[in-house]
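What follows is a single structure, written as structure tokens, with notes after it.
The values are calculated or read from the model by the stated rules, or taken from the named source; none is laboratory data. Predicted model only: the values in this text are computed from it and were never measured. Cβ sites come from the backbone with ideal geometry, for glycine too, and all protein chains shown count toward neighbours. These accessible areas exclude ligands, DNA and RNA; they are computed on the full protein's heavy atoms, side chains included. Shrake-Rupley method; radii C 1.70, N 1.55, O 1.52, S 1.80 Å.
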Amino acid sequence: QVQLVESGGGLVQPGESLKLSCVVSTSAFNNYSMDWWHQAPGKQRVWVAQIRKDERGLYAESVQDRFPVSRNKAKNTVYLQMNSPKPEETGVYFCNVSFSPITWGQGTQVVVSS
């Protein structure tokens, strides 16, 4: 079974940076678009960003120009660089395959607080 393992979360102050990673247990999805999602405490999961097959990024308006996405195919890994996060962006961050999501991973917890 394909697994998604997110990491890199932690406590970050507003205005600082944090880089999240998502390792996929197979290289089969290296040529798929991948999404990042955010679930704030007590709320539903919300789409944040996508890295497309052509390596271009698509972003929710709220994170445009702050949270660039990237990938390293040699490591079966996609990244979300969180620059200047805001307190309301606290929550658990997940990755998944775009359009045809598979079993969700555990996510990685991010707390944005001064």
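Structure summary
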read-out: Residues in the range 8-47 reached by a label modelled at Ser100 [backbone nitrogen below 20 Å; 7 Å Cα→Cβ]; value: 23-37
read-out: Note, ³J(HN,Hα) from phi for the range 7-17, Karplus 6.51, -1.76, 1.60, rounded to Hz, x at Gly and Pro; value: 7, x, x, x, 8, 9, 7, x, x, 8, 9
read-out: Coordinate range along principal axes, alpha carbons of the chain, Å, largest first; value: 40, 26, 22
read-out: Probe 1.4 Å, protein heavy atoms only - accessible area per residue of the chain in square angstrom; value: 55
read-out: Net charge of neighbours whose Cβ lies under 14 Å from the Cβ of Arg56, counting Lys and Arg as +1 and Asp and Glu as -1; value: 0
read-out: Relative contact order, percent, the chain [alpha-carbon distance under 8 Å, six or more residues apart]; value: 38
read-out: Estimated vicinal HN-Hα couplings, Hz - the range 46-58 in sequence order (Karplus 6.51, -1.76, 1.60; Gly, Pro = x); value: 10, 5, 10, 7, 9, 9, 7, 4, 8, 6, 7, x, 10
read-out: Local electrostatic count at Lys19 - Lys and Arg +1, Asp and Glu -1, tallied over other residues with Cβ under 15 Å; value: 0
read-out: Highest to lowest packing among 72-85, 33-46, scored as the average C-beta count within 10 Å; value: 72-85, 33-46
read-out: Shape of the range 72-114, Cα gyration tensor, a/c cut at 1.5; value: prolate
